[in-house]
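Since every read-out is calculated from the coordinates, none of them should be taken as a lab result. Keep in mind that what you see is a predicted model, and the values were worked out from it rather than measured. Note that we place each Cβ from the backbone using ideal geometry, even for glycine, and neighbour counts take in every protein chain shown.
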Amino acid sequence: MKNKNKIKIKLNGKKLALNQSSTLFSLVKKLNIPLNKVAIELNRKIIDKKKIKYIKIRNKDNIEIVYFIGGG
Amino acid sequence: MSKKDYFIVGKKKFTSRLIVGTGKYRNMAECAKAVKISGAEIVTVAVRRVNILDKKKPMLMDYIDPKKITYLPNTAGCFNSNEALRTLRLAREIGGWKLVKLEVLGDKKNLFPEMIETLKSTEILTKEGFKVMVYCNDDPLMAKRLENVGASAIMPLAAPIGSGLGIQNKTNIKIILQQTKLPVVIDAGLGEASDASIAMELGCDGVLINTAIAKAKDPLQMAEAMKYAVVAGRKSYLSGRIKKNIFGDPSSPKKGII
């Protein structure tokens, strides 16, 4: 029963189950990710960070959240 | 020198001509210290997935403030144009970065740039408003083509990335310098301070160094050495060296010898 209310997504290549009402905003908040230091891609499309409150996550969505690390 | 000698790229003005890569350090604190000691005002950074399992993992931005040091996002690890474009579009989204380093590799062993994909990407990125500093091989013809499609800087390799071999083909670098109006930055393959000086004495506008500093036994001291090597090389270039002569020319006056 419990799983019925969940959606399955992929975040940074890892499978994840989320509540149906999840938005990109709630996901970022849950993961404690500082928004000003990342970029978000939803199904290969870059998302305007100002709009993530209104973007609902759907079943089978593929999300990538990236940031800067050391590199040459 | 009466006028201040600025390094200008993508309409941005810098005092330091040393760009430092932020990879391969033992930790972020060491990296941040090395950057500070080097005097670099630009650092290259890579775009990678956030670690979602470790929420407390420190971020580079916590150590190197992008308001004080210009971040130059790179496309390291990209082997085709699409990957590179995706990476830099994401980088721009993180915080509005338009000055970027394009690096499309063609071979996992020698890490030479895949120039056809690099050229294609440079053209697209430039049209999208990016200021593209392009990692390329030391081929004057390709350098010219990059310039023609709108590159903001030409960044020929000295030798394979991380090899520490120093400039392998000075003649090509000289030809590139003569033919271009763009800043030329030696990117990849430098090993020690004298390599950086040689690049600057050739007339290059800057050097980009990562491994030679990060993997030195004492990275902080090497960061300092590179700082001075770049300054020394630049001043030497601007000063106009003496002509080479196979015979001797005494430094003390011949007149008045007792």
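Taking region B:118-170 as the region of interest, how many residues are of a type in the set (Lys, Arg) and within 24 Å of B:Tyr71 (Cβ to Cβ)?
Keep residues of region B:118-170 that are of a type in the set (Lys, Arg), which gives B:120, B:127, B:131, B:144-145, B:170.
From what is left, the residues that are within 24 Å of B:Tyr71 (Cβ to Cβ) are B:127, B:131.
Counting residues in region B:118-170 that are of a type in the set (Lys, Arg) and within 24 Å of B:Tyr71 (Cβ to Cβ) gives 2.
Restricting to region B:225-250, name every residue that is among the hydroxyl-bearing types (Ser, Thr, Tyr) and either in contact with a Lys or Arg (Cβ under 8 Å, 6 or more places away or on another chain) or without any contact (Cβ under 8 Å) to a residue 24 or more places away in the chain (or both). Even if it seems obvious, please write down each step before you answer.
Within region B:225-250, the first condition is being among the hydroxyl-bearing types (Ser, Thr, Tyr), and the residues that meet it are B:228, B:236-237, B:239.
Within region B:225-250, B:Ser239 is the sole residue that qualifies.
Within region A:54-72, can you find the residues that are more than 7 Å from chain B (Cβ to nearest Cβ) and either buried (at least 20 other Cβ atoms within 10 Å of the Cβ) or closer than 18 Å to B:Arg49 by Cβ (or both)?
If we filter region A:54-72 for residues that are more than 7 Å from chain B (Cβ to nearest Cβ), which is where we start, we get A:54-63.
Correct list: A:Ile57, A:Asp61, A:Asn62, A:Ile63.
Confirm whether B:Thr44 is under 22 Å from B:Val9 (Cβ atoms), facing another protein chain (nearest Cβ under 9 Å) and not in a helix (DSSP H, G or I). Break it down into steps so the answer makes sense when it comes.
Numbers: under 22 Å from B:Val9 (Cβ atoms): yes; facing another protein chain (nearest Cβ under 9 Å): yes; not in a helix (DSSP H, G or I): yes.
Spelling it out, B:Thr44 is indeed under 22 Å from B:Val9 (Cβ atoms), facing another protein chain (nearest Cβ under 9 Å) and not in a helix (DSSP H, G or I).
Need a quick list: strands (runs of 3 or more DSSP E) entirely within region A:1-46 having at least 2 residues that are out of contact with any Leu (no Cβ under 9 Å at 6 or more places or on another chain) and not aromatic (Phe, Trp, Tyr).
On the way: elements: A:6-11, A:14-19, A:38-42.
Once the strands (runs of 3 or more DSSP E) in region A:1-46 are filtered for at least 2 residues that are out of contact with any Leu (no Cβ under 9 Å at 6 or more places or on another chain) and not aromatic (Phe, Trp, Tyr), what remains is A:14-19.
Filter region B:95-116 down to residues that are over 12 Å from B:Leu146 (Cβ atoms) and part of a helix (DSSP H, G or I), then give me how many there are.
1
So, in region A:29-53, how many residues would count as being under 22 Å from B:Lys56 (Cα atoms), within 7 Å of chain B (Cβ to nearest Cβ) and among the aliphatic types (A, V, I, L, M)?
Residues in region A:29-53 being under 22 Å from B:Lys56 (Cα atoms), within 7 Å of chain B (Cβ to nearest Cβ) and among the aliphatic types (A, V, I, L, M): 4 in total.
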